[in-house]
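Encoded as structure tokens, the structure appears first; notes follow it.
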Amino acid sequence: RYEPTWRSLDARLLPAWFDEAKFGVFIHWGVFSVPSFGSEWFWWYWQKEKRAPYVKFMEANYPPGFSYEDFGPLFTAEFFDPNQWADILKASGAKYVVLTSKHHEGFTLWGSKYSWNWNAVDVGPKRDLVAELATSVRNRTDLHFGLYHSLFEWFNPLFLEDATNVFKTRKFPTSKSLPELHELVTKYQPEIIWSDGDGNAPDTYWNSTGFLAWLYNDSPVRDTVVTNDRWGVGSICTHGGFYTCSDRYNPGRLLSHKWENCMTIDKKSWGYRRNAQLDDYLTIQDLVKQLVETVSCGGNLLMNIGPTRDGRIAVIFEERLRQMGAWLKVNGEAIYGTKPWRAQNDTVTPEVWYTFSPKGGKVNAIFLNWPVSGMLELGEPQAKLGETQVKLVGCEEPLNWLALGEKGIVIALPQLTPQQLPCQWGWTLQLTDVN
């Protein structure tokens, strides 16, 4: 049994499915999807920091005295079709999904008895959005279902009172955030608890180790659940299950501890923005590059979309998800279930990243630029004459190659028209019998 100490909890082995999955989809959805302006931090920027664009936006578009709470009934989700969402998620090639069950605004997407009249069953959609998505994902896909939960809430009076007392009192965690977490786990049995938002309070204030000990010892998901590292000041990148370290974390080198790069297709926001421009969205080339870099360095990619207040996955997000799925359909073997190789990227040719498939003992060289000459030089592999085989994934014929001294190999790529290419945006060479 795990003790409620970091030393004991950190010794828990991460369930194997998480490292094998490699790719997940993050969904930021809530009352912030109603103004859908600027950022999911809308309430904070408008009311607390009083940032000019937010103040002006409210003055120009809403009556005097309109409060953030008044956005609640406008969060309607009338087009939310959980089966359609599940089908898009499946088509993306993702192996897990993480839904924001509650962001820093405190609004819960399920009918929490600890969030009276500030939840999706009492206000707005009048639906249990967490339950609906969980059911569809489990019925229609093989994705693991996870939930994001913010520990703190910007304007909750109990939290503000505890903060004023320099967290010597613990009214908020005992009456709100901890009961909520227990409720989420027992009711929906998520396989990922993605914690966030420590409110500058230590893990002792949140009783994070107590909760995690219960989660790992006695909860219904104790054997399969994975957790992140955001459990109070000082825990990030240090304690918990996988490390996130910071938003959009992409170190570009191999880390000794399992980590995740959580990032978002809209460069400026996690929630939906009506005022986003095309330039604000990462291209599929950008996203494939992020995935390949992340996986070769031992990480998982968690790619975020922000649905609209009426429950639609905007067409641009759907397109990116389906494009990623099309790429993974061809190159999935070089991503899922792989381990980092001895070299993460090539020393001679830029934009070449390596993974290793233990199953077939294959080294995968994923290259993002097709060379004009048709010859690809790799500085890392040590080829063996008469033994090493090289194949372009998606093409049957083995390729010709030439060893360059002790280390290095030049590969003659097949001459293909754009229509004949197995995929776009990046290609995989499988090398067998290399040192």
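The values are calculated or read from the model by the stated rules, or taken from the named source; none is laboratory data. Keep in mind the model is a prediction, meaning the values are calculated, not measured. Here the Cβ positions follow ideal geometry from the backbone for every residue, glycine too, while neighbour counts run over all protein chains shown. Please note that ligands, DNA and RNA were not included when accessible areas were found on the heavy atoms of the full protein model with its side chains. Shrake-Rupley method; radii C 1.70, N 1.55, O 1.52, S 1.80 Å.
Do we have any residue at all in the range 60-78 that's assigned to a loop (DSSP other than H, G, I, E, B), open to solvent by less than 40 Å² (accessible area, probe 1.4 Å), among the β-branched types (Val, Ile, Thr) and at pLDDT 95 or above?
No, the range 60-78 contains no residue that is assigned to a loop (DSSP other than H, G, I, E, B), open to solvent by less than 40 Å² (accessible area, probe 1.4 Å), among the β-branched types (Val, Ile, Thr) and at pLDDT 95 or above.
Go through the range 183-210 residue by residue and tally those that are farther than 17 Å from Glu153 by Cβ and either open to solvent by 10 Å² or more (accessible area, probe 1.4 Å) or touching a helix residue (DSSP H, G or I) at 6+ places or on another chain (Cβ under 6 Å) (or both).
Initially, the range 183-210 is screened for residues farther than 17 Å from Glu153 by Cβ, giving 185-193, 202-204, 209-210.
Keeping just the survivors that are either open to solvent by 10 Å² or more (accessible area, probe 1.4 Å) or touching a helix residue (DSSP H, G or I) at 6+ places or on another chain (Cβ under 6 Å) (or both) gives 186-189, 191, 202-204, 209-210.
Residues in the range 183-210 being farther than 17 Å from Glu153 by Cβ and either open to solvent by 10 Å² or more (accessible area, probe 1.4 Å) or touching a helix residue (DSSP H, G or I) at 6+ places or on another chain (Cβ under 6 Å) (or both): 10 in total.
Take the conditions assigned by the TED database to the domain that holds Glu318, open to solvent by less than 10 Å² (accessible area, probe 1.4 Å), more than 27 Å from Leu328 (Cα to Cα) and at pLDDT 95 or above and apply them to Ser112. Does it pass?
Details: assigned by the TED database to the domain that holds Glu318: yes; open to solvent by less than 10 Å² (accessible area, probe 1.4 Å): yes; more than 27 Å from Leu328 (Cα to Cα): yes; at pLDDT 95 or above: yes.
Considered against the rule, which asks whether it is assigned by the TED database to the domain that holds Glu318, open to solvent by less than 10 Å² (accessible area, probe 1.4 Å), more than 27 Å from Leu328 (Cα to Cα) and at pLDDT 95 or above, Ser112 comes out as yes.
Here is a yes/no grid of residues against (1) closer than 26 Å to Trp85 by Cα; (2) at pLDDT 95 or above; (3) touching a strand residue (DSSP E or B) at 6+ places or on another chain (Cβ under 8 Å); (4) β-branched (Val, Ile, Thr):
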site: Ala131; (1), (2), (3), (4): yes, yes, no, no
site: Asp142; (1), (2), (3), (4): yes, yes, no, no
site: His149; (1), (2), (3), (4): yes, yes, yes, no
site: Ala163; (1), (2), (3), (4): no, yes, no, no
site: Val185; (1), (2), (3), (4): yes, yes, yes, yes
site: Tyr188; (1), (2), (3), (4): yes, yes, yes, no
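Taking the range 202-225 on its own, how many of its residues are of a type in the set (Asp, Glu), assigned to a loop (DSSP other than H, G, I, E, B) and either in contact (Cβ under 8 Å) with a residue 12 or more places away in the chain or in contact with a Lys or Arg (Cβ under 7 Å, 6 or more places away or on another chain) (or both)?
The total comes to 1.
Do we find a residue being over 20 Å from Thr186 (Cβ atoms) and either within 17 Å of the chain's Cα centre (by Cα) or in a strand (DSSP E or B) (or both) anywhere in the range 101-112? Steps first, please.
Pass one, the range 101-112, residues over 20 Å from Thr186 (Cβ atoms): 103-107.
Narrowing the set further to residues that are either within 17 Å of the chain's Cα centre (by Cα) or in a strand (DSSP E or B) (or both) leaves 103.
Yes - at least one qualifying residue is present in the range 101-112.
Quick check, is Lys102 among the basic types (Lys, Arg), closer than 21 Å to Trp206 by Cβ, out of contact with any Cys (no Cβ under 6 Å at 6 or more places or on another chain) and assigned by the TED database to the domain that holds His28? Before the answer, list the steps.
Details: among the basic types (Lys, Arg): yes; closer than 21 Å to Trp206 by Cβ: yes; out of contact with any Cys (no Cβ under 6 Å at 6 or more places or on another chain): yes; assigned by the TED database to the domain that holds His28: yes.
In short, yes.
Can you spot a residue in the range 341-350 that is open to solvent by less than 50 Å² (accessible area, probe 1.4 Å), of a type in the set (Gly, Ala, Ser) and assigned by the TED database to the domain that holds Gln285? Even if it seems obvious, please write down each step before you answer.
Start the filter on the range 341-350 by keeping residues that are open to solvent by less than 50 Å² (accessible area, probe 1.4 Å), which leaves 341, 343-344, 346, 349.
Still in the list and also of a type in the set (Gly, Ala, Ser): 343.
Within this subset, residues satisfying the condition of being assigned by the TED database to the domain that holds Gln285 are none.
No, because not a single residue in the range 341-350 is open to solvent by less than 50 Å² (accessible area, probe 1.4 Å), of a type in the set (Gly, Ala, Ser) and assigned by the TED database to the domain that holds Gln285.
Can you name every residue in the range 180-201 that is in contact with a Lys or Arg (Cβ under 8 Å, 6 or more places away or on another chain) and not in a strand (DSSP E or B)?
Residues satisfying the conditions are Glu180, Glu183, Gly197, Asp198.
Is at least one residue of the range 157-179 in a loop (DSSP other than H, G, I, E, B) and either under 19 Å from the mean Cα position of the chain (by Cα) or over 22 Å from Pro4 (Cα atoms) (or both)? Give the steps one after another, and end with the answer.
Going through the range 157-179, the residues in a loop (DSSP other than H, G, I, E, B) turn out to be 165-170.
Applying the additional criterion that residues be either under 19 Å from the mean Cα position of the chain (by Cα) or over 22 Å from Pro4 (Cα atoms) (or both) yields 165-166.
Checked the range 157-179: at least one residue is in a loop (DSSP other than H, G, I, E, B) and either under 19 Å from the mean Cα position of the chain (by Cα) or over 22 Å from Pro4 (Cα atoms) (or both).
If you check Leu147, Leu178, Leu151, which single one turns out to be under 30 Å from Trp17 (Cα atoms) and open to solvent by 10 Å² or more (accessible area, probe 1.4 Å)?
Values: Leu147 fails: open to solvent by 10 Å² or more (accessible area, probe 1.4 Å); Leu151 fails: open to solvent by 10 Å² or more (accessible area, probe 1.4 Å).
After ruling out the rest, the residue left standing is Leu178.
Does Glu318 satisfy the condition of being surrounded by 17 or more Cβ atoms within 10 Å (Cβ to Cβ), closer than 30 Å to Leu376 by Cα and over 15 Å from the mean Cα position of the chain (by Cα)?
In short, no.
If you check Leu376, Leu399, Leu392, which single one turns out to be within 29 Å of Gly325 (Cβ to Cβ), open to solvent by less than 50 Å² (accessible area, probe 1.4 Å), touching a residue at least 12 places away in the same chain (Cβ under 8 Å) and over 35 Å from the mean Cα position of the chain (by Cα)? Working first, answer last.
Details: Leu376 fails: over 35 Å from the mean Cα position of the chain (by Cα); Leu392 fails: over 35 Å from the mean Cα position of the chain (by Cα).
Checking each option against the conditions leaves just Leu399.
Can you name every residue in the range 263-298 that is buried (at least 24 other Cβ atoms within 10 Å of the Cβ) and either in contact with an Asp or Glu (Cβ under 6 Å, 6 or more places away or on another chain) or not assigned by the TED database to the domain that holds Gly241 (or both)?
Trp270, Gly271
Considering only the range 189-214, how many residues are of a type in the set (A, V, I, L, M) and either under 18 Å from Trp110 (Cβ atoms) or not assigned by the TED database to the domain that holds Val137 (or both)?
Filtering the range 189-214 for residues of a type in the set (A, V, I, L, M) gives 192-193, 201, 212-213.
The next check asks that each one be either under 18 Å from Trp110 (Cβ atoms) or not assigned by the TED database to the domain that holds Val137 (or both); those that pass are 192-193.
Of the residues in the range 189-214, 2 are of a type in the set (A, V, I, L, M) and either under 18 Å from Trp110 (Cβ atoms) or not assigned by the TED database to the domain that holds Val137 (or both).
Taking the range 406-435 as the search range and keeping residues that are under 18 Å from Arg342 (Cβ atoms) and open to solvent by 60 Å² or more (accessible area, probe 1.4 Å), which one is modelled with the lowest pLDDT?
Filtering first and then ranking leaves Asn435.
Is one or more of the residues making up the range 323-339 free of Cβ contacts under 8 Å to residues at least 60 places away in the same chain and exposed (fewer than 15 other Cβ atoms within 10 Å of the Cβ)?
Yes, there is a match, as at least one residue in the range 323-339 is free of Cβ contacts under 8 Å to residues at least 60 places away in the same chain and exposed (fewer than 15 other Cβ atoms within 10 Å of the Cβ).
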